[in-house]
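This report refers to the structure that appears directly beneath it.
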Amino acid sequence: DVKVTQSSRYLVKRTGEKVFLECVQDMDHENMFWYRQDPGLGLRLIYFSYDVKMKEKGDIPEGYSVSREKKERFSLILESASTNQTSMYLCASSLRVGAGSNQPQHFGDGTRLSIL
Amino acid sequence: AQKVTQAQTEISVVEKEDVTLDCVYETRDTTYYLFWYKQPPSGELVFLIRRNSFDEQNEISGRYSWNFQKSTSSFNFTITASQVVDSAVYFCALSDRGSTLGRLYFGRGTQLTVWP
């Protein structure tokens, strides 16, 4: 079974802090994704990565950055946390099989982040 | 452009009722893939099914069934004889050959509550 592990289930930080959310997958997947989930808005893609050191902006990258130094690990960074970044954050990974996509994404348990 | 619409925001049923969750998609591609995910209260999105655009056969898995109709661009999900454990948020998603690097496009989700 694919296992995607997010470092924290719950996290509380203060406005202005630099926040790191970590995600590790154990299935040698090329693709990794970060989403945030808010009531009524569904899942919104923040950033994704298709290889080590490669990244692509999703729909809402502002205020975030990412790091992928190793294939299995994809980190989401809030450079200076703000209260509007309070949300549920979900990490996912998938296998890359050429052009287009027909592979399901596998998700972690999520991190519920509160910025005070 | 890719788009997934789940018009039902919330559905409540009583145990043993049948319930259908609607999903309407938009894509210009002739080759595409549709997915359903379940998100129980614990938070992790669980992959349920993947269907490609060339396979219009309906699928049944236990109490779950999926009705794919290209003519109406719909991929609806039916739970027969619902149970309390079916209570969750259900997401429909789409990818096509234009989807960058394994990206999925999600609907906003339908919250299903099954009452005992």
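Structure notes:
- Principal axis dimensions, largest first and in whole angstrom, of chain A by Cα: 42, 31, 25
- Rounded Å value of the spacing that divides the Cα centres of the range A:1-77 and the range B:27-49: 19
- In this calculation the C-beta distance from A:Lys18 to B:Thr9 is compared with R0 = 35 Å, giving a FRET efficiency of 0.50.
- In chain B the Cα-Cα distances spread across 5 Å bins starting at 0 as 2, 12, 23, 24, 19, 11, 5, 2, 0 percent of all pairs.
- Accessible area of the protein assembly as shown belonging to carbon and sulfur atoms, whole % at 1.4 Å probe: 48
- Pairs of Lys residues in chain A are counted when their Cα atoms are under 19 angstrom apart and they lie 8 or more places apart or on different chains; the count is 8.
- For chain A, the relative contact order works out to 36 percent when only alpha carbon pairs closer than 8 Å and six or more residues apart are counted.
- Amide H contacts for B:Arg108 (H built 1.01 Å from N in the peptide plane; partners 5 or more residues away or on another chain; cut-off under 5 Å): B:Gln6.
- When chains A and B come together, the accessible area they lose, probed at 1.4 Å and totalled over both chains, is close to 2000 Å².
- Solvent-accessible surface of chain A, averaged per residue with a 1.4 angstrom probe and all protein chains in place: 47 square angstrom.
- Rounded to two decimals, the Cα-based Rg/Rh of the range A:26-86, with Kirkwood Rh, is 0.99.
- Averaged over the residues of A:38-50, the number of partner chain Cβ atoms lying within 10 Å of the residue Cβ comes to 3.
- The protein assembly as shown: translational diffusion in µm²/s, Stokes-Einstein, Kirkwood Rh over Cα pairs, 4 °C, 1.567 mPa s: 71
- Per-residue ³J(HN,Hα) for the range B:17-33, Karplus 6.51 cos²θ - 1.76 cosθ + 1.60, θ = phi - 60°, Hz, x for Gly and Pro: 6, 8, 9, 10, 9, 8, 9, 10, 10, 10, 7, 8, 7, 8, 10, 7, 10
- Taking a straight Cα-Cα cut-off under 24 Å and skipping sequence neighbours fewer than 8 places away in the same chain, the lysines within cross-link reach of B:Lys70 are B:Lys3, B:Lys38.
- Label-to-label distance, nm, for residues given as B:Ser42 and A:Tyr10 (7 Å Cα→Cβ offset): 1.7
The values are calculated or read from the model by the stated rules, or taken from the named source; none is laboratory data. Computed from a predicted model, the values in this text were never measured in an experiment. No Cβ is skipped: glycine too gets one built from the backbone with ideal geometry, and neighbour counts run over all protein chains shown. Note: accessible area is taken over every heavy atom of the protein model, side chains too, but ligands, DNA and RNA are not part of it. Shrake-Rupley method; radii C 1.70, N 1.55, O 1.52, S 1.80 Å.
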